[in-house]
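Comments concern the structure below.
The values are calculated or read from the model by the stated rules, or taken from the named source; none is laboratory data. None of these values were measured; they are calculated from a predicted model. Virtual Cβ from ideal backbone geometry, glycine too; neighbours counted across all protein chains shown.
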Amino acid sequence: MTYLYDLQAGAPVAVAALPLLVADLGAVVHAGFPSPAEDLGAKRIDLTAQLVKHPQATFTMRARGDSMREAGIFDGDVLLVDKAVTPRSGHIVIAVVDGEFVCKQLQLRAGRMKLKAANPSYPDIVPREGQVVEVWGVVTASIKTMPL
């Protein structure tokens, strides 16, 4: 059995050992003008295989707030966080700042770190001298639920 750790719930969440298969119509969906579907033949894709590359190092967290909205991360989104991915400049990361988890874009320049918000209403985080900031993992996916 594979588990993802949900920090919101404070406990592992089981991911089925079997793949999570959903129908893939193979069609491109245009967000502008409608286009008739040419081929509605459905195959299956495994969402777990698509979204989770390192199962033992992948965790879920729930986004709160709107500081990352311009990066497409909104309040309530479920974030997949992979601790096995080496963080690079430009990655969206989960970092621990003063004991609190934050989601920001990592910027590295000349040996200095900045955690950049994706909303101009929020300040960037530039670690002060002696302040401990740990990049905890890299956000690999944001899952959102549409209102019904």
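Considering each residue of region 80-91 in turn, at least one proves to be modelled with pLDDT of 95 or more and basic (Lys, Arg). Any residue at all in region 73-85 that's within 15 Å of the chain's Cα centre (by Cα) and of a type in the set (Phe, Trp, Tyr)? Looking for residues that are within 15 Å of the chain's Cα centre (by Cα) and of a type in the set (Phe, Trp, Tyr), one finds at least one in region 73-85, hence yes. Within region 99-131, which residues are aliphatic (A, V, I, L, M) and either within 22 Å of the chain's Cα centre (by Cα) or surrounded by 10 or more Cβ atoms within 10 Å (Cβ to Cβ) (or both)? Residues satisfying the conditions are VAL102, LEU106, LEU108, MET113, LEU115, ALA117, ALA118, ILE125, VAL126.
Any residue at all in region 130-144 that's aliphatic (A, V, I, L, M), at pLDDT below 95, in contact with a Gly (Cβ under 6 Å, 6 or more places away or on another chain) and within 29 Å of ALA49 (Cβ to Cβ)? Within region 130-144, not a single residue is aliphatic (A, V, I, L, M), at pLDDT below 95, in contact with a Gly (Cβ under 6 Å, 6 or more places away or on another chain) and within 29 Å of ALA49 (Cβ to Cβ). With the requirement that a residue be of a type outside the set (D, E, K, R) and in a strand (DSSP E or B), what does region 72-100 give you? Matches in region 72-100: VAL78, LEU79, LEU80, VAL81, ILE92, VAL93, ILE94, ALA95, VAL96, VAL97.
Residues of region 77-119 that are of a type in the set (Val, Ile, Thr) and at positive phi: none at all. Residues of region 67-91 that are surrounded by fewer than 16 Cβ atoms within 10 Å (Cβ to Cβ) and either under 17 Å from LEU106 (Cα atoms) or in contact with a Leu (Cβ under 8 Å, 6 or more places away or on another chain) (or both): GLU70, GLY72, ALA84, THR86, ARG88, SER89, GLY90. Among the residues of region 132-148, the ones that are assigned to a loop (DSSP other than H, G, I, E, B) and either surrounded by 10 or more Cβ atoms within 10 Å (Cβ to Cβ) or without any contact (Cβ under 8 Å) to a residue 40 or more places away in the chain (or both) come to 5 in all.
Among the residues of region 109-130, those identified as outside any loop (DSSP other than H, G, I, E, B) and under 13 Å from ASP98 (Cβ atoms) are LEU115, ILE125. Scanning region 54-71 for residues that are at pLDDT 90 or above, more than 10 Å from the chain's Cα centre (by Cα) and either within 20 Å of THR86 (Cβ to Cβ) or part of a loop (DSSP other than H, G, I, E, B) (or both) yields ARG64, GLY65, ASP66, SER67, MET68, ALA71.
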